[in-house]
Amino acid sequence: MAKAPVPGRVKTRLCPPCTPEQAASVAAAALADTLAAVGTGTLVLSGRYDAPAGWGVVPQRGDGLGERLRHAFVDAGTTSLLVGMDTPQVTSALLDEAAATLRTDGVDAVLGPAADGGWWTLGLRDPYHADVLVDVPMSTDRTGELTLAALLHRELRVVVLPTLRDVDTADDAHAVARECAAGSAFARAVAAHVPTGVRA
């Protein structure tokens, strides 16, 4: 699930200290590293972006984020793990573990909380359980908590995954870059485009 890295439309909370163009470069690197960690799948995209070979691309649809997330699951029509583009430190091993957990008997969903109160991944065995997302307030410091509550209210068996820090501010960007593998696109982009010692 991603936005095309267009200046002025992505990572706006990095500005300042970044320019919109610098913020877009950071977002592009975050997306590239996330796609590399996932390996292959379907990119549910807002905007236009040349996805790597082996990736399908479908447009996001719906009026709000909750509705767009719901459509992403329902359009897939099968057990799916949805990953955002704001945690480029995610590893293939962690994603493999999440997918394996979702396939475990007795598990209906997996949820990866984000440190800011949101979530970085959600996996659903039955895509139609994504109906609950339409009524969850998105982009708040309680989104993860309320998503978990909505899933549990439906009497689903949910496994909570490790918490990851997502990238909103310049401080986040530098902290996450330190968690990335050496030579990652995101770490290089942060070093090149996000000034240090300046709080957004």
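The values are calculated or read from the model by the stated rules, or taken from the named source; none is laboratory data. The model shown is predicted, which means the values in this text are computed figures rather than measured ones. When we count neighbours, we look across all protein chains shown, and the Cβ atoms used for this are built from the backbone with ideal geometry, even at glycine. These accessible areas exclude ligands, DNA and RNA; they are computed on the full protein's heavy atoms, side chains included. Shrake-Rupley method; radii C 1.70, N 1.55, O 1.52, S 1.80 Å.
Kirkwood's formula applied to the C-alpha pairs of the range 1-76 gives a hydrodynamic radius of 13.1 angstrom. From largest to smallest, the equivalent ellipsoid semi-axes obtained for the chain from the alpha-carbon gyration tensor read 27, 17, 17 Å. Rolling a 1.4 Å probe over the protein heavy atoms gives the range 159-200 an accessible area of 52 Å² per residue. Our coupling estimate for the range 8-19, obtained by passing each phi through the Karplus curve with A = 6.51, B = -1.76, C = 1.60 and θ = phi - 60°, is x, 10, 10, 6, 5, 6, 7, 10, x, x, 7, 7 Hz, Gly and Pro reported as x.
For the range 95-172, dividing the convex hull volume of the Cα atoms by the residue count gives 83 Å³ per residue. Projecting label points 7 angstrom from Cα along Cα→Cβ for Arg13 and Asp171 puts them 1.1 nm apart.
Let me have the 222 nm mean residue ellipticity of the chain computed from DSSP H runs of 4+ only, each contributing -39500 (n - 2.57), with the sum over all residues rounded to the nearest 500.
On the way: 6 runs with 72 residues, N = 200.
Taking each H run of at least 4 residues, the total per residue is -11000 deg cm²/dmol.
Separation of the range 46-113 and the range 153-180, taken as the distance between their Cα centroids, equals 14 angstrom. Taking 18 Å as the cut-off, the amide N atoms of the range 105-128 that come nearer than this to a point 7 Å along the Cα-to-beta-carbon line of Arg154 belong to 105-113, 119-128.
Might you report the magnitude of the Cβ-based charge dipole of the chain about its Cα centre, with Lys and Arg at +1 and Asp and Glu at -1, to the nearest 20 debye?
Values: 17 positive and 23 negative charges, 85 e Å.
The dipole of the chain has a size of about 400 debye.
Selection among Gly56, Pro88, Pro17 by position relative to the dipole of the chain gives Pro17 as farthest towards the positive end (Cβ unit charges, Cα centre).
A simple spin-label model places the labels of Arg178 and Met138 3.2 nm from each other, with each point 7 Å out along Cα-to-Cβ.
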